[in-house]
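**Q** Before I ask anything, let me first share the structure, which is written out below as C-alpha cells.
The values are calculated or read from the model by the stated rules, or taken from the named source; none is laboratory data. All values derive from a computational prediction rather than experimental measurement. A quick note on method: Cβ atoms are made from the backbone with ideal geometry, for glycine too, and the neighbour counts reach across all protein chains shown.
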Amino acid sequence: MLITIKYFGQIAEVTQKDEEQIEISEGLISELLSTLNTKYSDLKHKDFQIAQNQELVNLETELTGDEIALLPPFAGG
Amino acid sequence: MKDKKPKNVFREGPISSDFIGNSIYKHQTKTSIGAHNIFLGQVRADEIDGKVVSAIEYTAYEDMANQKFYEIREAAFEKFELTCMHIYHSLGTVKIGEICLFVFVSSPRRKVVFEALEFIVEAIKADVPVFGKEIFEDNSHQWKKNT
C-alpha cells in the first residue's frame, strides 16, 4: 500500500524533505521504521515519536495505510 | 462557548501587544466575567556554549496541532468553570523579546483562572506538535526541546 510520510524539524533535516510517499506491504509501524532507518541511516540517532492519522502510536501498532508523521521533541510555547 | 471543530490557533510571526490589548478590550462586553488570566510566552535570549539565541523559527504539524489545541480546550472547559478561552501560537520567525504564545482564560471568579491557565499551558508544552529552531547570532542553529 501507498503511505504518505511527513517529516518535521530535525527529522526533515535528516531526510532532506518534508514529505514523501512510500510503497510498503501491510504490517506494523516497526516494519515501516526499519525501512526508513535503512533509507536514512542518521535517523536512528534521532529522538522522535510517530503519529498515524494524527494520533501517537507505538511500534506494535498496525499500519493502516494513511498518513504517518515523524515528530521530533515538541517545543511549543 | 465551545467550538464544534478545531479552529486555527496559529498566527504568522510574533503576537503583537496591540493584538493582545485588543483581545482584552473585546471582553468588556462580557459582563459575567470577573477574572481574566493571561500567559504570554516570550522568546528568551538563551546563551548556549557561548552563542546567544537571536530568534526561534516555529513550524508545526498543523492539522494534528490544531486538533490537540482543540482537545486541550475541550478538557479545560470540562474541568474548569470558564466563560471563554483563547489560544494563539506563532509560526515562522519570532525574535527574542517577542511573544510566541498567548493564552487567555476568563471566568466569573479568580481561583479558577489560575488553575486553568497552568493546566492549559502545561498541556500545550507536552502534547502539541510544534517545533522550534533556535537561531543563533552567527546563523547556526539548534532544535529547542520543551523540558
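**Q** Just the residues that are within 30 Å of B:His141 (Cβ to Cβ), crowded, with 20+ Cβ neighbours inside 10 Å and of a type in the set (Lys, Arg), please, taken from region B:47-90.
**A** Within region B:47-90, B:Lys68 is the sole residue that qualifies.
**Q** Look through A:Leu70, A:Leu59 and report the one residue that is buried (at least 17 other Cβ atoms within 10 Å of the Cβ), more than 9 Å from every other protein chain (Cβ to nearest Cβ) and either assigned to a helix (DSSP H, G or I) or touching a strand residue (DSSP E or B) at 6+ places or on another chain (Cβ under 9 Å) (or both).
**A** Unique residue meeting the criteria: A:Leu70.
**Q** Now a separate question. Of the residues B:Asn146, B:Asn139, only one is modelled with pLDDT under 95 and away from chain A (no Cβ under 11 Å); which?
**A** Criteria check complete, one pass: B:Asn139.
**Q** Let me ask another. Assuming A:Ala51 fulfils every condition listed in (1) surrounded by fewer than 17 Cβ atoms within 10 Å (Cβ to Cβ); (2) facing another protein chain (nearest Cβ under 9 Å) apart from one, which condition is it?
**A** Only one criterion is unmet by A:Ala51, namely (1).
**Q** Restricting the first residue to region B:41-64 and requiring it to be more than 18 Å from B:Val128 (Cα to Cα), which pairs with a second residue that is among the polar types (S, T, N, Q) and not in a loop (DSSP other than H, G, I, E, B) meet a Cβ separation below 7 Å and a spacing of at least six or different chains?
**A** B:Ile48/B:Gln142; B:Ala55/B:Thr93
**Q** Restricted to region A:20-48, and to residues that are part of a loop (DSSP other than H, G, I, E, B) and surrounded by 14 or more Cβ atoms within 10 Å (Cβ to Cβ), which residue is farthest from the other protein chains (Cβ to nearest Cβ)?
**A** My answer is A:Ile24.
**Q** A follow-up question, please. For the condition part of a strand (DSSP E or B) and either surrounded by fewer than 20 Cβ atoms within 10 Å (Cβ to Cβ) or not basic (Lys, Arg) (or both), what is the one hit in B:Gly97, B:Gly132?
**A** B:Gly132
**Q** Answer yes or no: is there a residue in region B:15-33 that is touching a residue at least 40 places away in the same chain (Cβ under 8 Å), buried (at least 19 other Cβ atoms within 10 Å of the Cβ) and in a strand (DSSP E or B).
**A** So far as region B:15-33 goes, yes, one or more of its residues are touching a residue at least 40 places away in the same chain (Cβ under 8 Å), buried (at least 19 other Cβ atoms within 10 Å of the Cβ) and in a strand (DSSP E or B).
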